[in-house]
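Below: the structure, in structure tokens.
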Amino acid sequence: MLDQIEAKIRNGERIDEEEALYLLRHPDLNRIGRLANDVRESMWGRRCTYNINRHIHPTNVCVFRCTFCSFYRRPGQDGGYLVSPEEAVERAKALSDLGITELHMVGGCHPTAKTDYYCSLYRAIKEELPHIHIKSLTAVEVAWLARVSKQSFEEVLVRLKEAGLDSLPGGGAEIFAQRVRDLTCGGKCDAEEWLEVHRVAHRIGIPTNSTMLYGHIETDEEIVDHLSQLRKLQDETGGFMTFIPLAYHPENNVMEIEEGPSGQRSLQVFAVSRLFLDNIPHLKAYWVMLGLEIAQMALWYGADDLDGTVVDEHIYHDAGAITPDVLTVSDLRKLIAEAERDPIERDTLYRPIVRDEATGQILEIGKETIAS
Ligand code: V47
């Protein structure tokens, strides 16, 4: 069967769910990786993009109790916070001389922070730093805002976009299967709502990312079902820029799983994702979760992008990630070059960025998204 699947892929034909499942379970990881790498190279050659970004978590207070989450505080619990727009601007400004092009802002579903709060946050940031791309709010947070603000997804997203929101990150997707959601994140938005938020975002011109949290209680079938639902929506809208498999981190939470996924499993998930998601242009290796070594290897198993310089990340570091909490641009470039790939800085929309080597100032942002 592997020969047949390989022939199909080399012919440019789409593989189906059963074939993806077969690849996910096949012991010959290197052959599957080779195939994924050939697909990746046919799209991107030797290029590996990265971006210069910073994370801000506007709040860690959350009404939901996801068992894998080590980051949230219950409403009223010690240690909970809600960042003011002024504080967010100060934090972003403190790092803007490092050349960041993107702010990645996600957090908890706060009981009282409504759409207005996020609009003020984005307006304050854009007023001081108009060139910064704001990638913010997972679909779960958008669905929550719609609920507490008593607005439709579209109303919420239109207002946020007018205030400065540029794109949505891919978080909150976890695993779409309701069995897993009931056991890990019951109550928060389900697959249908997650997909609907992204569908609406795409329709009104907000590009988005997609993720999958793997390596905990999910089955292989549930992984393939997750990929399949993303592929279907992408066929419909074309609005996903990238897919990011997120490796589960086991510490400081109530999920009774002692270990995250092995390196072998992570590389197989990357390779199958590249082969199955033939309509999502980019596959991102998020080094914070994968660890630097597996992230570097993933560049040979389908990934074409390494995120990012990432300062001040808490969701995974609170869950026990032992990766550094910042990589400099030269660290990132070295990691990519050591893997025999060509490092290219990009903005959030995957447009190549050219900088003055001496000053670090941006000289040019490519007009076109890096396209296959
Ligand atoms: O949805 C939470 C995950 C996600 C744990 O779009 C955990 O560019 C592992 O989606 N172990 C949020 N994962 C982060 C996210 C993301 C990250 C980087 C880039 C982008 C992008 C998006 O973090 C959550 C959840 O799936 N998460 N807890 C944990 N213990």
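The values are calculated or read from the model by the stated rules, or taken from the named source; none is laboratory data. Because the structure is a prediction, the values reported are computed rather than measured. We place every Cβ from the backbone using ideal geometry, glycine too, and count neighbours over all the protein chains shown. Side chains included, ligands, DNA and RNA excluded: accessible areas come from the protein's heavy atoms. Shrake-Rupley method; radii C 1.70, N 1.55, O 1.52, S 1.80 Å.
Which one of the conditions (1) modelled with pLDDT of 90 or more; (2) more than 16 Å from the ligand (Cβ to nearest atom); (3) over 13 Å from Gly164 (Cα atoms) does Val106 fail to meet, given that it meets all the rest?
(2)
With the requirement that a residue be away from the ligand (no atom under 14 Å from the Cβ), within 17 Å of the chain's Cα centre (by Cα), under 24 Å from His26 (Cβ atoms) and among the aliphatic types (A, V, I, L, M), what does region 273-297 give you?
The one that is away from the ligand (no atom under 14 Å from the Cβ), within 17 Å of the chain's Cα centre (by Cα), under 24 Å from His26 (Cβ atoms) and among the aliphatic types (A, V, I, L, M): Leu277.
Being open to solvent by less than 30 Å² (accessible area, probe 1.4 Å), at pLDDT 95 or above and either closer than 17 Å to Met297 by Cβ or among the aliphatic types (A, V, I, L, M) (or both) is the filter here; which residues of region 248-278 pass it?
Of everything in region 248-278, those that are open to solvent by less than 30 Å² (accessible area, probe 1.4 Å), at pLDDT 95 or above and either closer than 17 Å to Met297 by Cβ or among the aliphatic types (A, V, I, L, M) (or both) turn out to be Gly263, Ser266, Leu267, Gln268, Val269, Phe270, Ala271, Val272, Ser273, Arg274, Leu275, Leu277.
Take the residues in region 182-200 that are more than 18 Å from Lys232 (Cβ to Cβ) and assigned to a helix (DSSP H, G or I), then tell me which one is farthest from the ligand (Cβ to nearest atom).
Step by step, filter region 182-200, then rank; the result is Asp182.
Step by step: first the residues of region 174-210, then only those that are of a type in the set (Gly, Ala, Ser) and open to solvent by less than 10 Å² (accessible area, probe 1.4 Å), then the one that is farthest from the chain's Cα centre (by Cα). Which residue is that?
Ala201
For the subset of region 224-264 comprising residues that are assigned to a helix (DSSP H, G or I) and within 14 Å of the ligand (Cβ to nearest atom), which member is nearest to His202 (Cα to Cα)?
Applying the filter and picking the extreme gives Leu230.
Name the single residue, out of those in region 1-12 being free of Cβ contacts under 8 Å to residues at least 12 places away in the same chain and in a loop (DSSP other than H, G, I, E, B), that is surrounded by the fewest Cβ atoms within 10 Å (Cβ to Cβ).
Checked region 1-12; the qualifying residue surrounded by the fewest Cβ atoms within 10 Å (Cβ to Cβ) is Asn11.
Go through (1) on the phi > 0 side of the Ramachandran plot; (2) open to solvent by less than 10 Å² (accessible area, probe 1.4 Å) one by one and return the number of the condition Gly99 breaks.
Here Gly99 clears every test but (2).
Just to be sure I understand, how many residues within region 171-220 are more than 22 Å from Glu17 (Cα to Cα) and small (Gly, Ala, Ser)?
So the answer is 6.
Could you check Asp166 against (1) within 16 Å of the ligand (Cβ to nearest atom); (2) open to solvent by 10 Å² or more (accessible area, probe 1.4 Å); (3) farther than 18 Å from Tyr248 by Cβ; (4) touching a helix residue (DSSP H, G or I) at 6+ places or on another chain (Cβ under 6 Å) and say which number it fails?
So the condition that Asp166 fails would be (4).
Return the residues of region 310-331 that are open to solvent by less than 40 Å² (accessible area, probe 1.4 Å) and modelled with pLDDT of 75 or more; say none if nothing qualifies.
Leu327
List every residue pair whose Cβ atoms sit under 6 Å apart, with the two residues 6 or more apart in sequence or on different chains, where the first one lies in region 120-146 and is aromatic (Phe, Trp, Tyr) and open to solvent by less than 10 Å² (accessible area, probe 1.4 Å) and the second, anywhere, is within 16 Å of the ligand (Cβ to nearest atom) and outside any helix (DSSP H, G or I).
Tyr122/Ile134; Tyr122/Leu165
Take region 103-158 and flag every residue that is farther than 16 Å from Ala201 by Cα, polar (S, T, N, Q) and touching a Ser or Thr at 6+ places or on another chain (Cβ under 7 Å).
Ser149 - this is the single residue of region 103-158 that is farther than 16 Å from Ala201 by Cα, polar (S, T, N, Q) and touching a Ser or Thr at 6+ places or on another chain (Cβ under 7 Å).
Do we find a residue being in a helix (DSSP H, G or I) and in contact (Cβ under 8 Å) with a residue 40 or more places away in the chain anywhere in region 70-84?
As a first pass, look at region 70-84 and keep what is in a helix (DSSP H, G or I): none.
No: zero hits.
Would you call Gly366 modelled with pLDDT of 80 or more, among the small types (Gly, Ala, Ser) and over 22 Å from Leu267 (Cα atoms)?
On the way: modelled with pLDDT of 80 or more: yes; among the small types (Gly, Ala, Ser): yes; over 22 Å from Leu267 (Cα atoms): yes.
In short, yes.
With Ser210, Ser152 as the choices, which residue is within 12 Å of the ligand (Cβ to nearest atom), in contact with a helix residue (DSSP H, G or I) (Cβ under 9 Å, 6 or more places away or on another chain) and closer than 20 Å to Glu236 by Cβ?
Going through Ser210, Ser152 in turn, just one is within 12 Å of the ligand (Cβ to nearest atom), in contact with a helix residue (DSSP H, G or I) (Cβ under 9 Å, 6 or more places away or on another chain) and closer than 20 Å to Glu236 by Cβ: Ser210.
Would a scan of region 218-231 turn up a residue that is touching a Ser or Thr at 6+ places or on another chain (Cβ under 9 Å), open to solvent by less than 10 Å² (accessible area, probe 1.4 Å) and either at pLDDT below 95 or not hydrophobic (A, V, I, L, M, F, W, C) (or both)?
Scanning region 218-231 turns up no residue that is touching a Ser or Thr at 6+ places or on another chain (Cβ under 9 Å), open to solvent by less than 10 Å² (accessible area, probe 1.4 Å) and either at pLDDT below 95 or not hydrophobic (A, V, I, L, M, F, W, C) (or both).
Search region 13-50 for residues being open to solvent by less than 70 Å² (accessible area, probe 1.4 Å) and small (Gly, Ala, Ser), and hand back the single one that is nearest to Ser330 (Cα to Cα).
Top of the filtered list is Gly45.
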